[in-house]
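Values quoted throughout were computed directly from the atomic coordinates according to the rules given, and no laboratory measurement underlies them. Being a predicted model, the structure only gives us computed values, none of them experimental. Using ideal geometry, Cβ is built from the backbone for each residue, glycine included, and neighbour counts are taken over all protein chains shown.
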C-alpha cells in the first residue's frame with residue numbers, strides 16, 4: 001500500500017502531471033494532473049493522530065475502482081479532499097489482480113486494517129481495482145465499531161470498451177499490431193480485444209459489483225446481473241455515472257459529506273481550468289453502427305448501466 005498526501009492549492013498546477021482523459025455526454029473532455037511532490041502525512045490531520053484502539057469509532061469508505069470510468073479522477077479528488085475533510089487516503093497495491101480467492105480477500109482486508117492502525121486516525125478511504133466483496137466482516141474483527149461504506153463509478157459500456165482499447169493501444173508494448181487499428185476496425189474484424197461473446201469471461205463492469213464467483217465474469221449471465229444489482233442496493237452508498245458527472249458530484253457531496261464535502265467547488269474551480277487530452281490519438285465518439293452492434297452483444301451490461309443510472313437520478 002502507498003499513502004497519498006495533499007499539496008496546497010497554490011502549487012497544484014505546477015505539481016500535477018496529466019494522467020487520463022474522459023468525456024461527459026461526448027462533448028467535454030475531463031483531464032486531471034497528479035501530484036509529484038508529496039508532503040508529510042502529519043499535515044493530514046488537524047490534531048495529532050493517535051494510535052487506533054479497537055474501541056475507537058472508525059469510518060472507512062471503500063472505493064473499488066472500475067477501470068476507464070473516471071476512477072482516477074475521483075481518486076485525485078479524494079487526495080485533495082484529505083486535508084479539509086480530515087481523513088486519510090490509502091491507495092492499495094495489487095491493481096493488476098481483480099479476482100481474488102477467499103484467502104486473498106481476507107489477507108487484503110487484514111493488511112488494510114493493520115495499515116489503518118499504524119497510520120492512525122478515524123476516517124479512511126481505501127481504493128483499488130478489485131471486484132466487490134464485503135470487507136466489513138474481517139474489518140470489524142479488528143475494529144468492532146467500524147463503519148464501512150462503499151462507492152464506485154461506471155460508464156457507458158461501449159464508450160468504456162473504446163476507451164480501454166485506445167488506452168491499451170497507446171500504452172501496451174505487446175499491442176504493436178493494434179497501433180494502426182481503429183476501434184471500429186477492431187470490432188469489424190472480430191479481433192479478440194473487441195469481441196464479446198455470450199458466456200465467455202470478460203473484465204467488464206458487472207464483475208466489479210457481482211463479486212468473485214466465476215459466473216460473475218460471464219457475459220450476459222443473468223445470475224451475475226441480479227447479484228450485481230443486489231450488491232449495489234445493499235452495500236453501495238453511491239455508484240456514480242461518468243455521463244452524469246454533475247449529478248454524481250452533487251450526490252457524493254450530499255450522501256457522503258464526511259469525505260466529499262467541497263468536491264463540486266474543487267472540481268469546477270480547479271480541475272476544469274486545465275483541459276489537456278492525455279490520449280490524443282483517440283477519436284471522440286464511436287461510430288453509430290459499431291455502437292449499435294456492440295449494444296446488442298452487451299445486453300446485460302447495458303441493463304446494469306441503466307439500472308445504476310436510474311438509481312443515481314432518482
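So the values come out like this:
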quantity: Relative exposure of 101, 138, 156, judged by other C-beta atoms within 10 Å (fewest first); calculated: 101, 138, 156
quantity: Separation of the residue 140 and residue 214 label points, Cα + 7 Å toward Cβ, nm; calculated: 3.2 nm
quantity: Estimated distance in nm for a label pair at residue 185 and residue 168, the labels positioned 7 Å out from Cα along Cα-to-Cβ; calculated: 1.7 nm
quantity: Square roots of five times the Cα gyration tensor eigenvalues for the range 83-138, Å; calculated: 21, 13, 9
quantity: Cα Rg, Dmax, the range 56-188, angstrom units; calculated: 17.7, 57
quantity: Distant alpha-carbon pairs in the range 142-262 (separation over 20 angstrom), percent; calculated: 58 percent
quantity: Relative contact order computed over the range 52-211 (Cα-Cα under 8 Å; 6+ residues apart), in percent; calculated: 36 percent
quantity: Range of Cα positions in the range 195-271 per principal axis (Å), largest first; calculated: 45, 29, 16
quantity: FRET E, pair residue 195, residue 314, Förster distance 41 Å, beta-carbon r, rounded to 0.05; calculated: 0.75
quantity: Label-point separation in nm, residue 230 to residue 295, each point 7 Å along Cα→Cβ; calculated: 3.0 nm
quantity: Fully extended contour minus Cα-Cα distance, from residue 101 to residue 255, at 0.36 nm per residue; calculated: 52.3 nm
